[in-house]
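Here is the structure we will look at.
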Amino acid sequence: MPEIIAAVVSFVVTVVTTIGASKIGQFALKIAFTVAAAAAMRALQPKPRSMNQGATLSVKLDPAYPREVMVGKGATGGSEVFKNVSGTDNKYLWKVIALSDAEIEAIDEVRGNGAALTFSGDIHTGLRDCTSHFQSASGGDMLACRIYKGTSTQTADSDLDTAFSDIDSNFRGRGVAYTILRLTYDPDAWSGGIDDFVFVGRGAKCLDPRTGASAYTDNLALIANQYLRGFENNGIRVVGVGCAAADLPDADMIAAADDCEDAISLAAGGTEARYRGGGMISARENAREVMTDLMAGMAGRHVDRGGEIALLPGVARTPVLDIAEEDLLADEGVTWVGRRSADERFNAIASTFVNPDDSWQEAPLPPRKNAAAITADGGRFETGRAYRFVTSKTQGQRLDEAELRRARAEGFWAVSAPLWAFELTPGDLVTATNVRWGSVQKLFEVETVALTISSGAGGGGAQARCALTMRETTADIFTWATTDEITQASGGITTPAPLAAIPTHAGNAAAIAAGLVPGQTFYDSADTTKLKSVVSGSATGFSVSISPATNNKSGTGALTSTSHTTTITNGGGGPYTYLWEKVTEDAGAPALTINTPAGSSTTFTCTPGAGNNFTYGIRLTLADAATGEIVTATCSQKFTDTT
């Protein structure tokens, strides 16, 4: 159980014990705890806003530099651990640079002066001369390199042992991947100074629960799983959290690893794995920040399920439960937040990733925007992410698009349910229905599942409840087509053909009649500032109308309008649920009473005051239980005081 949730439970139980259950029957108090807990859990997984790739690619000269491990496919400048000179007139400058404090698969490329270097042979098997750069005027090779992968059996380097008397057979560096560089003095070869070198490689081994073996991988779920377990050097954990195997259920990790390897089609042809990557992880880094960056690379999050950690990459998942209104406790309240807070709200995004084609530097992704959202929000609100473990531009674009779509699923729901709801765990998807907020089998992701104690609205003994907090989501957040990809052409960015405009329809039935299917989105002509999703139903033209559509009631004192009645067309047979709501009013208008808010017809009462007149906009929301469809209609009511 996450610590924040445990603290909430402890507090609630303490209050019950101290002052009596009957004193805390107010659900608003308890739900405030769970909403705060959900907010705290989201704060534990902040969005990655920056990276320091320049420092990663520079050689570190700090003798107390912390341990770090290369994971996946990544690049590093390393940490210098030894430097000395040898030969006549100190002709040779030797450097030993640690690359990873865990065994790696290989170094595939060494770069100097921004270019890939060519060597006379395999640098993993001996000290090899660089034949492409750093040459003397006569063409002599002035740089040599050797790589040790950090195996548990590697021995001291014979060239170093020969060059320096204080180096002996114990200078093995077992468990540490490192490079030996030998620079031969020459004014022409090093006229620009001694360059920093960058080493591009395939990093540490990670356990794959699908095979039970440890091997190199760029699968971000497997990298995150190994980080949670910890990377070891000669049996000692040097980087990582140190979770026990029991904390990381194999079934969850296998599912996450499989999701990351889904084949995604590319606009240029071929496919790539859905979520892959790599980079450097330092022991100095906060574990929360590392996990945030790893999960950002797969558009997902990690959740604590009662002491077990699950990784949830960003993929479409199947709901595990449908929550109907009758499943919720009648004597408890419901908290609904329909819009995200200002710091979470955006409609454009401009992020960065690590670009192998740009010498492994941090590079921008093509900016993306949601034009409809910009219009609805009344302006452009931009954010950005720094995907430090992402080395694919197309993957970075998919991540940005998922962030844009996720930002438009704004609902947050906190409810009280019977104890059977404890079968849910954070990260589960559910569908939920609440007619009042226009939700019919809307998709939600469970954020927290917590215990509360309540006496109920009618008093009585203390009762245990399950408090759920859920964040709205949609099934299409992670869908992707090659036409969504923004391609880089010579001379600049070339955008693909624009996506089809989102249509406008007069309600759910009209959208279905026009050919939309459940899950697709449309603008309702009754309120064109909000997107709606098509819900299950038939294209029968189900609709409702109000008569009179406009009305003016004149008189003095408290005025009651004539009855506004409803007519249903092509309904599914009911039963029907009615909800009348005031949606607009003139400035300075007094309170309006809806006399039958859940009836098929209603009157309205208002006291406008001497000589005043005010107009109110009214909306009726009608739900048909037979089809699951929801339709709306509007009318206006004016009150005129004739004094």
Report ³J(HN,Hα) in whole Hz for each residue of segment 142-147, in order, from the Karplus equation J = 6.51 cos²θ - 1.76 cosθ + 1.60 where θ = phi - 60°; Gly and Pro get x. 10, 10, 10, 9, 9, 10
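Set the Förster radius R0 to 51 Å, insert the Cβ-Cβ distance between residue 600 and residue 258 as r into 1/(1 + (r/R0)^6), and round the FRET efficiency to 0.05.
Approximately 0.50, to the nearest 0.05.
Among rounded, prolate and oblate, which fits segment 277-427 when a ≥ b ≥ c are the square roots of the eigenvalues of its C-alpha gyration tensor, a/c under 1.5 means rounded, and a/b larger than b/c means prolate?
In terms of gyration-tensor shape, oblate.
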Show me 243-252, 78-87, 271-280 ranked by packing, highest mean number of other Cβ atoms within 10 Å first. 271-280, 78-87, 243-252
For residue 361, enumerate residues with amide H under 5 Å from its amide H, sequence gap 5+ or separate chain, H modeled in the peptide plane. 355
What does the extension gain come out to for residue 339 and residue 88, with contour length at 0.36 nm per residue minus their alpha carbon separation? 83.0 nm
Cut-off under 5 Å, modelled amide H: who pairs with residue 487 long-range: 494
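Please work out how much length the chain gains when fully extended from residue 234 to residue 170, using 0.36 nm per residue of separation minus the C-alpha to C-alpha distance, in nm with one decimal.
Extra length from residue 234 to residue 170 when fully extended: 21.5 nm.
Which of the peptides 151-160, 137-146 is most tightly packed, and how do the rest follow, going by the mean number of other Cβ atoms within 10 Å of each residue?
137-146, 151-160
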Relative to the present Cα-Cα distance, how much length would full extension add between residue 642 and residue 375 at 0.36 nm per residue of separation? 91.9 nm
How far apart, in nm, are the 7 Å Cα→Cβ label points at residue 359 and residue 321? 5.5
How large is the accessible surface of residue 207 in square angstrom, using a 1.4 angstrom probe and rounding to the nearest 10? 40
As a quick test, which of the pairs 582/638; 73/95; 553/582; 73/369; 95/205; 205/393 have an alpha carbon distance above 19 angstrom in this structure? 73/95; 73/369; 95/205; 205/393
State, to one decimal in nm, how far the label point of residue 161 lies from the label point of residue 284, with both points 7 Å from Cα in the Cβ direction. 3.4
Could you sort the peptides 343-356, 474-487 by per-residue average Cβ neighbour count (10 Å cutoff), highest mean leading? 343-356, 474-487
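The values are calculated or read from the model by the stated rules, or taken from the named source; none is laboratory data. In this text, all values refer to a predicted model and were calculated from it rather than measured experimentally. All Cβ positions, glycine included, derive from the backbone under ideal geometry; neighbour counts span all protein chains shown. SASA here: full protein model, heavy atoms, side chains in, ligands and nucleic acids out. Shrake-Rupley method; radii C 1.70, N 1.55, O 1.52, S 1.80 Å.
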